[in-house]
Amino acid sequence: MTPTTEAELADVIKAATGPLQVKGGATRDIGKPVDGELLRTTGLSGITLYEPGALTLVAQAGTPIATIEAALDAENQRFAFEPMDHRVLLGTSGTPTIGGVVAANVSGARRIAVGACRDHLLGVRFVDGQGNIVKNGGRVMKNVTGYDLVKLMAGSYGTLGVLSEVSMKVLPKPETSMTLRLDDLSIGDSVAAMSAALGSAYEISGAAMVSGATYLRLEGFDASVAYRADQLSTLLAQYGAIGRVAHAPSTKLWRNIKNVEVFKDHPTVTRVSVQPSVAPKVANALEGNANVDVALDWGGGLMWVGLRGDDAKATTIHQQLQQIAKREGGHATLFKASTSMRTSSSVFQPEAATVATLSAALRAKFDPRNILNTGLMS
Amino acid sequence: MQMPTPNPAILSRKGQIIERLQGVLPKGAVIHTESEVRAYECDALTAYKCPPLCAILPASTEEVSAALKVCNELNIPVVPRGSGTSLAGGALPTADCVILGTARLNGVLETNYPDRYIRVQSGRTNLSVTGAVEENGFFYAPDPSSQLACAIAGNIAMNSGGAHCLKYGVTTNNLLGVKMVLMDGTITDIGGAHLDAAGLDLLGLICGSEGQLGVVTEATLRILHKPEGARPVLMGFDDTEVAGACVSDIIKAGVLPVAIEFMDRLCIEATDAFSNAGYPMCEALLIVEVEGSEAEIDHQLSLINEIARRHNPVELRESKSAEESAAIWLGRKSAFGAMGQINDYMCLDGTIPVSALPLVLRKTKELSEKYGLKVGNVFHAGDGNMHPLILFDANKPGDLELCEAMGAEVLKLCVDVGGCLTGEHGVGVEKRDLMKHQFTTNDLEAQMAVKDVFDPAWLLNPAKVFPLDTSEARRVAAE
């Protein structure tokens, strides 16, 4: 089913007699595999409103990201939260949509500087599990009118309702960018260097460690970027020689980092969110295991753990990561895995009892028949 | 403004209720004499007052939990209160409610500079959070005008903003985690020092829920290193619409100032007389502030000045020193106090798309003439968060009602041009009855369903946010 209007979407959900599998561009097979009739949002497509002077863009949920980016490019603007494109890592095809990005709260490297997708989401329209059309938020930068269901919908993976339209904050593109590169740091030193940089006044917009190299991104006006690069080079002198990557290669580098292309050949990938100083502890716990590779983003706050070897071995390590995340505060999600492994694992970090109870009760309110992407977030 | 009739069954049991609360709280934590509870009869929306049944001041999460258990068991409404600086009546009591004040929850629990967060008890004031980290060069970004007094608990309840949120975001964008007590006394942690939720984003839901979902006792907040420096430029225009167009052009140009503040003639005159800020007398004044190193500031200000010159400003005054910066900000920061000196006023908080600024300013002026009430405009122009101040005489019978009627028209106008009723103050009681103008029945049902989950008996701050007739069935069922 591919409804082409919000009203049709509401009718389809109202008339549903069994579970529905909700999908946007289907580039992201994440979460517990779900049953049900396929409900695509790709029929709800098009930019509804774009006001560059107000930094606002409203689009129907099924609008391809590429369409939106083309419109933003023309005005020299962008989504500052830098959504990941999952196709390379997950080996999928299809067209990523804005609804999919919002439903999974997809944010890239710049999340540490400007916030996540949810922080750039100004408003939503969605259809709940009973076919009611609901709106929340709007298209203004500041809005505290009523409860913030906008945040609730971001990252709810279609389990509370099916998005029909989203309203986003957009930002101007910077004049230029540059990346500082530090080589051969241990994970501990890499995180320490990234923390020193992120805790400075020099406005880092990306801090990652991939394949042994630590990268710090600077964006802004030409003179400002050069100035901050000099200041940081002094600040981080103790960590060894610091290379510089110019704007064009830097842009390409961060596209690879945000899309986690480094693990495209790994059959299993777990994504771990912890406070940055915990990342070296997690890495130490995995040390010596030849089947494990680690990449860091968000200054160490986001760990990508690439796992080689069979599902049984990968499952053990994924479980270990969820235990560490539970102990240290944070969460681990099975991001890429075989269907059978996703079926038998806790894909999402099991929640503390009270949080789990509240979340289940919210789902029961928004989707009382339990038909929307049932069980996906478990 | 209507409030629900107090429950006589609660009023008649006052003595017993106080005894029960005294049984679970330390000596002096239950305030119940007539003269003492008067301190809690209103917040900063002073037009409405009502002394509560009693007020409690717990000093720990466990005490909050114990007190809420008692109230839950006895079916007594609880109104959480930070520092009582709400401009929307968010902490306005009813005669049958217990005020739960966070004043004694004011400690710093943990600071972590490498991971850039601070964990505090929720009654701590906004400014003292920055105070706890500034010697290490850090600050907490959201800066509501009341930051000297307002508590983090209230900031979270209302998702407070401030002048600098154009760059740094509002409370919800700077909040990493909370410890919260549900109405039944359950203590729960939501979020933490890491980024983003494992499952549903309950943290995002709690922030801005106006104390209706739970009582936040601790908060983990993102802290940032201070910029090397900041300097504003002040620009005057002889036309408010031109000033509005200038704002839009600055934003489009790719410079992202940390603040763009707007004042109109009435506010310029009042604040200048009050603070001797030396403002130019003109129709509209903008204060645009940028941050960075000296060279970066110079560069950004030169771009901004170039844009401003295209709009023929009558004044363009770039600060060259800390003293000049302070002088430029002086008037803006004292604007609300200055307006209060010349008159009683009601401060609105509607937010509009920046592109609708000229239209809304024009229509507000028309409404001002229609109602015969003066309006001053002082607001965060960069994000369209208007603050029209409608002047009225509190001693003149009927004037408050006239002012409320005009306020309602202005807020409806904000909604009609694509904006919202409130950008940073919250709905409280003030905008409660206008919610149906912005939301459909389905929209409100979805929000009330959230309250049903967190507070099934509708005991936490029940008479706020939702129109009374809309929430009545739920509130009555709870009684």
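The values are calculated or read from the model by the stated rules, or taken from the named source; none is laboratory data. Not measured: the values here are computed from a predicted model. In this analysis, Cβ positions are derived from the backbone assuming ideal geometry, glycine residues included, and neighbour counts consider all displayed protein chains. When the accessible area is computed, the model is the full protein with side chains, heavy atoms only, and any ligands, DNA or RNA have been set aside. Shrake-Rupley method; radii C 1.70, N 1.55, O 1.52, S 1.80 Å.
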Unique match (being under 27 Å from residue B:196 (Cα atoms), within 14 Å of chain B (Cβ to nearest Cβ) and out of contact with any helix residue (DSSP H, G or I) (no Cβ under 7 Å at 6 or more places or on another chain)) among A:106, A:114, A:34: A:114
State whether the residues of the stretch B:219-232 include one that is more than 14 Å from chain A (Cβ to nearest Cβ) and surrounded by fewer than 24 Cβ atoms within 10 Å (Cβ to Cβ). yes
Only residues that are away from chain B (no Cβ under 14 Å) and open to solvent by 50 Å² or more (accessible area, probe 1.4 Å): list them for the stretch A:44-53, please. A:45, A:47
Expected output for the stretch B:131-160 (first residue within 12 Å of chain A (Cβ to nearest Cβ) and without any contact (Cβ under 8 Å) to a residue 40 or more places away in the chain, partner outside any helix (DSSP H, G or I) and hydroxyl-bearing (Ser, Thr, Tyr), Cβ below 7 Å, 6+ apart or cross-chain) is B:136/B:113; B:142/B:160
Has the stretch A:255-271 got any residue that is more than 20 Å from residue A:87 (Cα to Cα), crowded, with 20+ Cβ neighbours inside 10 Å and either at pLDDT 95 or above or among the basic types (Lys, Arg) (or both)? no
Is at least one residue of the stretch B:155-177 farther than 28 Å from residue B:258 by Cβ and assigned to a strand (DSSP E or B)? no
When residue B:438 is run through (1) open to solvent by 10 Å² or more (accessible area, probe 1.4 Å); (2) touching a Ser or Thr at 6+ places or on another chain (Cβ under 8 Å); (3) more than 7 Å from every other protein chain (Cβ to nearest Cβ), the failure sits at (3)
Near pairs, Cβ below 8 angstrom, 6+ apart or cross-chain, from the stretch B:362-386 (free of Cβ contacts under 8 Å to residues at least 24 places away in the same chain) to any residue that is assigned to a strand (DSSP E or B) and surrounded by fewer than 22 Cβ atoms within 10 Å (Cβ to Cβ): none
Identify all residues within the stretch B:178-188 that are outside any loop (DSSP other than H, G, I, E, B) and of a type in the set (D, E, K, R); write none if there are none. B:179
The strands (runs of 3 or more DSSP E) lying entirely within the stretch A:18-134 that contain at least 1 residues which are of a type in the set (Asp, Glu) are A:37-40, A:47-51, A:121-128
The residue from B:289, B:283, B:294, B:269 that alone is within 14 Å of chain A (Cβ to nearest Cβ) and acidic (Asp, Glu) is B:294
Residue check for residue A:212: more than 24 Å from the chain's Cα centre (by Cα), surrounded by fewer than 23 Cβ atoms within 10 Å (Cβ to Cβ) and not hydrophobic (A, V, I, L, M, F, W, C): no
Which listed residue, of A:231, A:238, is within 28 Å of residue B:254 (Cβ to Cβ) and open to solvent by 60 Å² or more (accessible area, probe 1.4 Å): A:231
For residue A:199, the lone unmet condition from (1) open to solvent by less than 20 Å² (accessible area, probe 1.4 Å); (2) touching a Gly at 6+ places or on another chain (Cβ under 7 Å) is (2)
In the stretch B:184-209, how many are open to solvent by less than 10 Å² (accessible area, probe 1.4 Å) and either more than 7 Å from chain A (Cβ to nearest Cβ) or acidic (Asp, Glu) (or both)? 2
Could you please find all residues in the stretch A:135-183 being assigned to a strand (DSSP E or B), among the hydrophobic types (A, V, I, L, M, F, W, C) and open to solvent by less than 10 Å² (accessible area, probe 1.4 Å)? A:162, A:166, A:168, A:180, A:182
Residue that is nearest to the other protein chains (Cβ to nearest Cβ) [pool: residues in the stretch A:358-367 that are touching a strand residue (DSSP E or B) at 6+ places or on another chain (Cβ under 9 Å) and either open to solvent by 20 Å² or more (accessible area, probe 1.4 Å) or in a helix (DSSP H, G or I) (or both)]: A:365
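Residues are listed down the side, and each one gets a yes or a no for (1) surrounded by fewer than 21 Cβ atoms within 10 Å (Cβ to Cβ); (2) farther than 30 Å from residue A:268 by Cα:
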position: A:8; (1), (2): yes, yes
position: A:17; (1), (2): yes, yes
position: A:22; (1), (2): no, no
position: A:39; (1), (2): no, no
position: A:42; (1), (2): no, no
position: A:55; (1), (2): no, yes
position: A:63; (1), (2): no, no
position: A:70; (1), (2): yes, yes
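Condition check ((1) away from every other protein chain (no Cβ under 14 Å); (2) open to solvent by 10 Å² or more (accessible area, probe 1.4 Å)) across all residues:
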residue	(1), (2)
B:366	yes, yes
B:375	yes, yes
B:378	yes, no
B:403	yes, no
B:413	no, yes
B:416	no, yes
B:426	no, no
I want to confirm something. Restricting to the stretch B:371-405 and keeping residues that are within 22 Å of residue B:433 (Cβ to Cβ) and among the aromatic types (Phe, Trp, Tyr), which single residue is modelled with the highest pLDDT? B:371
Among residues of the stretch B:251-299, those that are open to solvent by less than 10 Å² (accessible area, probe 1.4 Å), of a type in the set (A, V, I, L, M, F, W, C), touching a residue at least 60 places away in the same chain (Cβ under 8 Å) and farther than 20 Å from residue B:389 by Cβ, counted: 4
I'd like the residue in the stretch B:163-183 that is under 28 Å from residue B:58 (Cβ atoms) and out of contact with any Leu (no Cβ under 7 Å at 6 or more places or on another chain) and, out of all such residues, is farthest from the other protein chains (Cβ to nearest Cβ). B:179
Selection from the stretch B:380-401 of residues surrounded by 15 or more Cβ atoms within 10 Å (Cβ to Cβ) and more than 25 Å from residue A:167 (Cβ to Cβ) yields B:389, B:390, B:391, B:392, B:399, B:400
Looking at A:196, A:154, A:229 in this structure, which one is at the interface with another protein chain (Cβ under 7 Å from one of its Cβ atoms) and touching a residue at least 40 places away in the same chain (Cβ under 8 Å)? A:154
Please name all residue pairs, on different chains or six or more residues apart, with Cβ atoms under 7 Å, provided the first residue is in the stretch B:458-479 and is over 14 Å from residue B:71 (Cα atoms) and the second residue is open to solvent by 40 Å² or more (accessible area, probe 1.4 Å) and in a helix (DSSP H, G or I). B:467/B:433; B:467/B:436
Residues B:213, B:221, B:200, B:256: which one is aliphatic (A, V, I, L, M) and over 24 Å from the mean Cα position of the chain (by Cα)? B:200
Residues in the stretch A:125-151 that are among the basic types (Lys, Arg), under 26 Å from residue A:73 (Cβ atoms) and at the interface with chain B (Cβ under 9 Å from one of its Cβ atoms) total 1
